[in-house]
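Scroll down for the structure; my scribbles are underneath it.
Where a number appears in this text, it was derived from the coordinates with a stated rule and is not lab data. The structure displayed is predicted, hence computed values, not measured ones. FYI the Cβ positions are ideal-geometry reconstructions off the backbone, even for glycines, and counts take in every protein chain you see.
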Amino acid sequence: MAEFTMELNDEQREVRDWLHGFAADVIRPAAAEWDEREETPWPVIQEAAKVGIYSLDFYAQQYFDATGLGIPMAMEELFWGDAGIALSIVGTGLAAVGVLANGTEEQIGTWIPQMYGDPTDVKVAAFCSSEPDAGSDVASLRTRAVYDEAKDEWVINGTKTWATNGGIANVHVVVASVDPELGSKGHASFIVPPGTPGLSQGQKFKKHGIRASHTAEVVLDHVRVPGSCLLGGKEKLDERLARAREKAKAAGGERVKNAAMATFEASRPAVGAMAVGTARAAYEVALDYARTREQFGRAIIDNQGVAFQLADMRTQIDAARLLVWRASWMAVNGKPFTAAEGSMSKLFASETAKKVTAQAIQILGGNGYTREYPVERMHRDSAIYTIFEGTSEIQRLVIARTLAGMPIR
Ligand SMILES: Cc1cc2nc3c(=O)[nH]c(=O)nc-3n(C[C@H](O)[C@H](O)[C@H](O)COP(=O)(O)OP(=O)(O)OC[C@H]3O[C@@H](n4cnc5c(N)ncnc54)[C@H](O)[C@@H]3O)c2cc1C
């Protein structure tokens with residue numbers, strides 16, 4: 001187990017500086033254009049693939065960094081560049097983690113390379129869990145997967161929504177119910193391979209922020225996938241379902257509920273780190289502006305009303321980063337989240353990003369309100385952090401129930 005440290009080692013500092021250089025030289029200059037275009041920035045993803053940032057190897061290295069600081073450091077730098085473009089670069093990782101966490105070695109080896117493609121032909125992947133009637137309440141998802149034993153195939157029907165890269169992905173990872181009576185315990189994840197008939201993109205959403213990231217509905221109409229596409233395999237699923245049925249029987253047949261999504265506890269610090277990146281970016285723009293903009297014959301930072309805002313912004317960003325790093329270290333080192341520290345980090349960092357980016361607009365005055373300056377975009381982008389991977393209300397629910405010793409799922 002690695003001791004908790006707030007000091008990046010030499011290797012981590014080198015990686016951070018390299019990522020920062022890419023964020024400053026490639027991502028940030030492209031941010032306004034792709035935000036206006038509201039399209040996936042394929043050329044930027046390709047650049048990231050060429051230098052090795054868009055690859056499983058890179059994420060695996062950060063993911064398995066025992067200090068826990070690899071992923072938050074990487075997320076902060078990329079999202080400092082631009083949230084929409086960074087999400088287009090790291091979105092595939094969400095689907096890849098789904099396969100890494102639940103897949104067999106063969107599934108990992110077969111599907112993850114197809115999620116990323118290669119630098120001459122980059123691909124993206126999508127993780128499809130949310131549905132129109134199953135957002136925070138993931139247990140109530142309606143997409144069904146039924147096993148056709150004669151053909152050793154699964155038949156999937158349903159509609160997914162809010163899928164990052166949905167419909168444009170080479171590989172889709174789809175969460176479906178194989179036993180609705182068991183609620184979330186009856187869920188399983190499936191690979192939908194490239195070009196599978198029956199999978200189509202529904203509505204593409206026009207969004208408030210992170211507009212360079214593609215978000216869409218995914219329609220599954222009698223999608224047939226081979227038995228080998230069930231992540232983890234049938235034997236493991238059957239064992240898990242049998243255990244869940246025993247438990248449900250002991251609980252009087254009550255349907256298992258999961259309104260709080262505690263399972264995401266370990267991945268939430270990464271979203272917190274994205275929020276820290278956006279907040280830091282807006283703070284830096286505001287600090288620079290406050291030092292150079294003059295009114296009443298002096299720099300506006302010489303007014304306590306402005307300087308105190310900057311002091312609060314910086315304090316909250318640093319506090320958010322500390323919570324994120326702590327939770328990330330806990331996740332990597334298998335520390336139990338006895339006070340829902342993963343949710344705490346995401347809650348605080350995401351709320352901080354919304355607040356700090358709004359303050360940055362205020363400090364830039366009229367300029368802050370225009371698209372000539374990046375803080376307007378950063379503020380729009382920041383609103384996503386309190387919504388995806390569990391809303392702020394759901395984080396509070398998880399923290400409160402954990403503190404109260406109440407069951408979360
Ligand atoms: C841009 C974007 C990208 C996304 N990417 C993905 C993706 O790649 N894959 C994927 O599967 N999903 C994705 N999502 C979905 C996201 O995770 C959901 O939007 C989120 O979980 C909230 O669900 P909902 O939108 O249905 O809101 P709802 O669950 O309907 O919530 C609406 C409001 O009610 C509140 N609320 C709900 N239940 C409670 C409660 N018990 N107590 C208190 N308040 C409550 C919520 O906090 C919220 O304020 C994405 C969403 C967006 C916007």
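Can you list the equivalent-ellipsoid semi-axes of the range 262-404, largest first and in whole Å, using the square root of 5 times each Cα gyration tensor eigenvalue? It would help to have the intermediate numbers written out before the result.
Numbers: eigenvalues 214, 39, 25 Å².
So the three semi-axes of the range 262-404 are 33, 14, 11 Å.
Which of Ala95, Gly52, His379 sits closest to the plus end of the dipole of the chain, meaning its Cα is farthest towards the positive end, when Lys and Arg get +1 and Asp and Glu get -1 on the C-beta?
Value computed over the given set: His379.
What do you get for Rg/Rh over the range 162-203 if you use C-alpha atoms and the Kirkwood form of Rh?
1.03
Report, by chain and number, residues whose modeled amide H sits under 5 Å from the one on Thr161, excluding near sequence neighbours (fewer than 5 apart, same chain).
Ser130, Glu131, Val218
Hey, rough spin-label estimate for Ala60 and His222, points 7 angstrom out along Cα→Cβ, what's it come to in nanometres?
3.9 nm
Just to be sure I understand: of the beta bridges DSSP finds with both ends in the chain, what percent are antiparallel, rounded to 5?
85 percent
Quickly work out the Thr120-to-Glu106 label distance, labels modelled 7 Å from Cα along the C-beta direction, and quote it in nm with one decimal.
3.0 nm
When only alpha-carbon atoms are used, what values of Rg and Dmax, in angstrom, describe the range 321-361?
Gyration radius and largest Cα-Cα distance of the range 321-361: 12.2, 40 Å.
In degrees, nearest 10, range 0 to 90: what is the angle between the Cα axis of helix 234-250 and the longest Cα principal axis of the chain?
Approximately 90 degrees, to the nearest 10.
How many times 2.2 N^0.38 Å is the alpha carbon radius of gyration of the range 176-259?
Working: Rg = 16.8 Å, N = 84, 2.2 N^0.38 = 11.8 Å.
Scaled against compact globular proteins, the figure is 1.42.
When the dipole is taken about the Cα centre of the range 262-404, and only Lys, Arg (+1) and Asp, Glu (-1) are charged at their Cβ, what size is it in debye, to the nearest 20? Don't skip to the end; give the middle numbers.
Values: 17 positive and 14 negative charges, 40 e Å.
It works out to roughly 200 debye.
Relative to the compact globular guide of 2.2 N^0.38 Å, what is the alpha carbon radius of gyration of the chain, as a ratio? Kindly include the intermediate steps, with their values, before the conclusion.
Values: Rg = 21.8 Å, N = 409, 2.2 N^0.38 = 21.6 Å.
Relative to the 2.2 N^0.38 Å estimate, the chain comes out at 1.01.
Can you compute 3J(HN,Hα) from phi for each residue in the range 356-368, using the Karplus curve 6.51 cos²θ - 1.76 cosθ + 1.60 with θ = phi - 60°, rounded to whole Hz and x for Gly and Pro?
With coefficients 6.51, -1.76 and 1.60, one gets 5, 5, 5, 5, 5, 4, 4, 5, 7, x, x, 4, x Hz.
Once Lys and Arg get +1 and Asp and Glu get -1 on their Cβ, which of Gly166, Gln395, Gly233 lies farthest toward the positive end of the dipole of the chain?
Farthest towards the positive end: Gln395.
So if we plug the beta-carbon distance of Phe308 and Lys204 into 1/(1 + (r/R0)^6) with R0 = 35 Å, what FRET efficiency do we get, rounded to 0.05?
0.25
So, R0 is 41 Å and r is the distance between the beta-carbons of Glu11 and Lys249; what FRET efficiency does that work out to, to 0.05? Can you show the working numbers first?
On the way: r = 52 Å, r/R0 = 1.26.
Using R0 = 41 Å, I get an efficiency of 0.20.
Through the Karplus equation 6.51 cos²θ - 1.76 cosθ + 1.60, θ set to phi - 60°, convert the phi angles of the range 393-408 into ³J(HN,Hα) values in whole Hz; use x for Gly and Pro.
5, 5, 4, 5, 4, 5, 5, 4, 5, 5, 5, 7, x, 8, x, 9
So for the pair Trp42, Glu3, with labels modelled 7 Å out along Cα→Cβ, what separation do we get in nm?
5.1 nm
Using DSSP to define loop residues, name the trypsin sites (Lys or Arg not before Pro) in the range 118-161 whose beta-carbon has at most 15 other beta-carbon atoms within 10 Å. All intermediate terms of the calculation are to be shown ahead of the outcome.
Values: sites: Lys123, Arg142, Arg144, Lys151, Lys160; in loops: Lys123, Arg142, Lys151.
When the trypsin sites (Lys or Arg not before Pro) of the range 118-161 are filtered for loop state and at most 15 Cβ neighbours within 10 Å, Arg142, Lys151 remain.
Taking the Cα centre of the chain as the origin, how large is its charge dipole in debye, to the nearest 20, when only Lys and Arg (+1) and Asp and Glu (-1) carry charge on their Cβ atoms? All intermediate terms of the calculation are to be shown ahead of the outcome.
On the way: 43 positive and 52 negative charges, 251 e Å.
I would put it at about 1200 debye.
Compute the helix-to-body angle for 42-51: its Cα long axis versus the longest principal axis of the chain, expressed 0 to 90° and rounded to tens.
Its long axis makes an angle of about 90 degrees.
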